[in-house]
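Enquirer: Can you keep this structure in mind? I'll have questions shortly.
The values are calculated or read from the model by the stated rules, or taken from the named source; none is laboratory data. Please read all numbers here as calculations on a predicted model, not as lab measurements. Virtual Cβ from ideal backbone geometry, glycine too; neighbours counted across all protein chains shown.
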Amino acid sequence: MLLGVTIQEGYIEDLNQDVYSFFPKENIHPSINNDYKKINLIHLLNMVSGLDADSDNYNTPGNAGYWIAKDEWVTYLLSIPLVRKPETKWVYADINAVLIGVIIEEKTGMSIKDFAKKYVFDPLEIKAFYWYTNAANQTGGAGNLYLCA
């Protein structure tokens, strides 16, 4: 939903844009894996990114067990390589949704928690919510959102 709002508000133009293009390599994300040039936003959205990540398989390096407790997880996530060509296999992996959240943060300059509050929660008059955020102020876009009506 937040990705749709991001597109509607003009922060992102196209679901076919490659993930690599959202992250400036110089100075900010020097460890980004070149494989992200092959992955588009639509691949993340459809859980067909091809990343070496599987929420049901702890042996994959993109499994949340390896990064969720980190004080800063974006650098780690952007280092995960492809294990297969995008679009060839559907695999549920939290990393896909979290990367969409990170892209929203990169493009808007806001945390996804603040973005959601401004564009979704406030218009719906949702006043009480909690969304897990790590020490680096990165919000986990794959879940851990609690709302009260």
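Enquirer: Restrict the check to region 32-50 and report whether at least one residue is surrounded by 17 or more Cβ atoms within 10 Å (Cβ to Cβ), under 16 Å from the mean Cα position of the chain (by Cα), among the hydrophobic types (A, V, I, L, M, F, W, C) and modelled with pLDDT under 95.
Expert: So far as region 32-50 goes, yes, one or more of its residues are surrounded by 17 or more Cβ atoms within 10 Å (Cβ to Cβ), under 16 Å from the mean Cα position of the chain (by Cα), among the hydrophobic types (A, V, I, L, M, F, W, C) and modelled with pLDDT under 95.
Enquirer: Now for a different question. Quick check on Thr75: is it surrounded by fewer than 18 Cβ atoms within 10 Å (Cβ to Cβ), in contact (Cβ under 8 Å) with a residue 12 or more places away in the chain, within 20 Å of Pro24 (Cα to Cα) and of a type in the set (S, T, N, Q)? Outline the logic, then answer.
Expert: Details: surrounded by fewer than 18 Cβ atoms within 10 Å (Cβ to Cβ): yes; in contact (Cβ under 8 Å) with a residue 12 or more places away in the chain: yes; within 20 Å of Pro24 (Cα to Cα): yes; of a type in the set (S, T, N, Q): yes.
Yes, satisfied.
Enquirer: Any residue in region 83-94 that is free of Cβ contacts under 8 Å to residues at least 12 places away in the same chain and farther than 13 Å from Ile39 by Cβ sitting within a Cβ distance under 9 Å of a residue that is surrounded by fewer than 17 Cβ atoms within 10 Å (Cβ to Cβ) and of a type in the set (Lys, Arg)? List the pairs, counting only those 6 or more apart or interchain.
Expert: Close Cβ pairs satisfying both conditions: none exist.
Enquirer: Given Glu125, Glu106, which one is in contact (Cβ under 8 Å) with a residue 60 or more places away in the chain, among the charged types (D, E, K, R) and either closer than 18 Å to His29 by Cα or surrounded by fewer than 17 Cβ atoms within 10 Å (Cβ to Cβ) (or both)? Walk me through how you get there before you give the answer.
Expert: Working: Glu125 fails: in contact (Cβ under 8 Å) with a residue 60 or more places away in the chain.
Every option except Glu106 fails the conditions.
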